[in-house]
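Colleague: So that we are looking at the same thing, I have put the structure below in structure tokens.
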Amino acid sequence: MKITRKTFDEVMVPCYVPQDMVLERGQGCYLFDMSGRKYVDFTAGIAVNCLGHNHKGVVDVISKQASRLIHVSNIFTNNQTLTLASKLVKLTGYEKVFFVNSGAEANEAALKLARRVAYDDYGEEKCEIISFAHSFHGRTLFSVTVGGQPKYSTGFGPVPGGITHLPFNDIETLKNTITDKTCAVMMEVIQGEGGILPADLDFIRAVRELCDQHHALLIFDEVQTGVGRTGSFYAYEQVGVRPDILTTAKGLAAGVPIGGILTSTKIAAHFKPGTHGSTFGGNPLACAVGSYVVDKVSDPAFLQHVTDMGEFLRAELARLNEKYHVFKDIRGRGLLIGAELNPEYDGKLATLQKLCTKHQLLLLTAGSNVLRLVPPLIITKAVIKEGMKLLERALQDLQAEAQA
């Protein structure tokens, strides 16, 4: 069978518009297409491949576990699920874990749990959820409605009710909106899809205090910021505010689908048998890899490497910007970095991304005008420098096009 990019258009539902090449394999921080062309990967599968591609340890764990037990469902439990859950409990201090298969499912579970807690403890009127403009929490009908980007939920109505979106980092508006009918506030410590926008520390503290005052649960969506991405295992550790429910996914199994929520025994008790579930959630294969990832990424030396490489990458971007003056702002934490384009380059984000691909550098976008750089956490200074050389060529092309 001959496979080309055209095959996608022939057989796939057109939810995506993938780039022109067809990828075939990866190694470390590099990807290769079917023609053998090599690309520097600063996407990591959208912040998923934390240990890079074809990582020997990950491959060995997958091979070993696949030869023993892949799936049994949650009618039974298994040693790998319990091992990973125990490691997460010990690492974070949370008491209970629930596994699913993706970030969207994790957020769906967290939102359902928050409503169930409020229903059990206060009655059905305490059901309102607050989230923030430009947030992204997944694409199930519930999670996409809680997300603060209407373009993702338009046309799928009627959408779930009882959801309010407020300006991000606006304490006064939150004070004037939250009530005793609010069951949960959901937020990202750093908004990813929205443009790599960090929450102000004062705002995070205010959210925590207001949730406590109104007996609402605070949910942190750490799907993108978690598992070492920001230089700590979870980003909440850096802000000194602990959510009632934390959601996790993406890098937790280094590319194998997994997600989960972490919470307290008291809150978890509201999910009684039959109230929620997942056929594949916590399967032995994903959890075996997740257990390996937790051991690797939680190592203080590994997390320091992420911090160091993030600082180096931001410095390299700043150096390029001194020469080309393309970026208005370079921001982020660890290896979750956004470079916002200057106003004169409005509408050129997709063009710049394509130029980067032309020069064999793979990058993501966030919001309408931000380049998103989320390379594998194992990246080195040498690979960063290689990527910056390719980005410089793309910037040269962008400016040449603008002057033509």
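Just so you know, all these numbers are worked out from the coordinates, no wet-lab data involved. Owing to the predicted nature of the structure, the values given are computational and were not obtained by experimental measurement. As a convention, Cβ positions derive from the backbone with ideal geometry for all residues, glycine included, and neighbour counts pool all protein chains shown.
Colleague: Cβ neighbours within 10 Å, averaged per peptide: list 228-238, 274-284, 388-398 in order, most packed at the top.
Modeller: Averaged packing, sorted descending, gives the order 228-238, 388-398, 274-284.
Colleague: Take the alpha carbon atoms of the stretch 36-105, find their center, do the same for the stretch 170-214, and report the distance between the two centers in whole angstrom.
Modeller: Here the answer is 30 Å between Cα centres.
Colleague: Next question. Quick one: compute the contact order of the stretch 13-65, relative version, from alpha carbon pairs under 8 angstrom and 6+ residues apart, as a percent.
Modeller: Relative contact order, the stretch 13-65: 27 percent.
Colleague: Another question, then. Pulled fully out, how much extra length does the chain show between residue 54 and residue 121, if you take 0.36 nm times their separation in residues and subtract their Cα-Cα distance?
Modeller: Length gained, residue 54 through residue 121: 19.3 nm.
Colleague: My understanding is that a pair violates if its Cα-Cα distance is over 22 Å; which of 328/348; 266/296; 38/323; 151/175; 358/385; 90/126 do that in this structure?
Modeller: 266/296; 38/323; 151/175; 90/126
Colleague: Helix 56-66 versus the longest principal axis of the chain: what angle, 0 to 90°, nearest 10, using Cα atoms?
Modeller: The angle comes out at about 50 degrees.
Colleague: Between rounded, prolate and oblate, where does the stretch 58-297 land on the alpha carbon gyration tensor, with a ≥ b ≥ c its root eigenvalues, rounded for a/c under 1.5, else prolate if a/b exceeds b/c?
Modeller: prolate
Colleague: Would you please name the GluC sites (Glu not before Pro) within the stretch 83-179 that are DSSP coil residues with at most 10 other C-beta atoms within 10 Å of their C-beta?
Modeller: In loop regions of the stretch 83-179 (DSSP not H, G, I, E or B), the sparsely surrounded GluC sites (Glu not before Pro) are 124.
Colleague: Filter the trypsin sites (Lys or Arg not before Pro) in the stretch 62-169 to those in DSSP coil with at most 14 other Cβ atoms within 10 Å of their Cβ, and list the result.
Modeller: 68
Colleague: Given axes a ≥ b ≥ c from the Cα gyration tensor, I'd like to know whether the stretch 172-294 is rounded (a/c under 1.5), prolate (a/b larger than b/c) or oblate.
Modeller: Taking the square roots of the gyration eigenvalues as a ≥ b ≥ c, the stretch 172-294 is oblate.
Colleague: Next question. Looking only at the stretch 180-209, which residues have a backbone nitrogen under 17 Å from a spot 7 Å from the Cα of residue 164 in the C-beta direction?
Modeller: In the stretch 180-209, the label zone of residue 164 (backbone N under 17 Å from the point 7 Å along Cα→Cβ) covers 180-187, 206-209.
Colleague: Right, next: Using only Cα atoms, find the angle between the long axis of helix 381-403 and the longest principal axis of the chain, and express it within 0 to 90 degrees, rounded to the nearest 10.
Modeller: For helix 381-403, the angle is close to 70 degrees.
Colleague: Between 0 and 90 degrees, rounded to the nearest ten: what's the tilt of helix 284-297 against the longest Cα principal axis of the chain?
Modeller: 70 degrees
Colleague: Rounded to the nearest 5, what is the percent of antiparallel bridges among the DSSP beta bridges in the chain?
Modeller: 65 percent
Colleague: Using the Karplus curve 6.51 cos²θ - 1.76 cosθ + 1.60 with θ = phi - 60°, what ³J(HN,Hα) values do you get for each residue of the stretch 120-137, in whole Hz, with x for Gly and Pro?
Modeller: With the stated coefficients, the stretch 120-137 comes to 5, 8, 10, x, 6, 6, 8, 9, 7, 10, 10, 9, 10, 4, 6, 6, 9, 10 Hz.
Colleague: Let me ask you something else. Please give the peptides 184-191, 6-13, 290-297, 239-246 ranked by average Cβ packing (other Cβ atoms within 10 Å per residue), highest first, as a rough proxy for protection.
Modeller: The packing order, highest mean first, is 184-191, 290-297, 239-246, 6-13.
Colleague: Starting from the 7 Å offset along Cα-to-Cβ, what nm value, one decimal, do you get for the label separation of residue 322 and residue 201?
Modeller: Label at residue 322, label at residue 201, 2.8 nm between them.
Colleague: Residue 180 versus residue 5, label points 7 Å from Cα toward the beta carbon: distance in nm?
Modeller: Between residue 180 and residue 5, the label points sit 6.0 nm apart.
Colleague: If r is the Cβ-Cβ distance from residue 86 to residue 393 and R0 is 45 Å, what FRET efficiency results, to the nearest 0.05?
Modeller: That gives a FRET efficiency of 0.40.
Colleague: Working out 0.36 nm times the residue gap between residue 19 and residue 354, then minus their Cα-Cα distance, what length gain in nm do you get to one decimal?
Modeller: Extra length available between residue 19 and residue 354 comes to 119.8 nm.
Colleague: Of 104, 368, 75, which is farthest towards the positive pole of the chain's charge dipole, taken about the Cα centre with +1 and -1 on the beta-carbons of Lys, Arg and Asp, Glu respectively?
Modeller: Toward the positive end, the furthest listed residue is 75.
Colleague: Please compute the contact order of the stretch 58-297 in relative form: average sequence separation of alpha-carbon pairs under 8 Å and at least six residues apart, divided by the residue count, as a percent.
Modeller: Reported relative contact order: 31 percent.
Colleague: Here's something else I'd like to know. With the Cα gyration tensor of the stretch 349-404 giving a ≥ b ≥ c as the square roots of its eigenvalues, does the rule (a/c under 1.5 for rounded; else a/b larger than b/c for prolate; else oblate) give rounded, prolate or oblate?
Modeller: Note, shape of the stretch 349-404 comes out oblate.
Colleague: Still on this structure, I have one more. Residue by residue, what Karplus-based ³J(HN,Hα) values in Hz, rounded to whole numbers, does the stretch 235-249 have, using 6.51, -1.76 and 1.60 with θ = phi - 60° and x for Gly and Pro?
Modeller: Listing the rounded values in order: 5, 4, 4, 8, 10, x, 10, 9, x, 6, 10, 10, 10, 9, 5 Hz.
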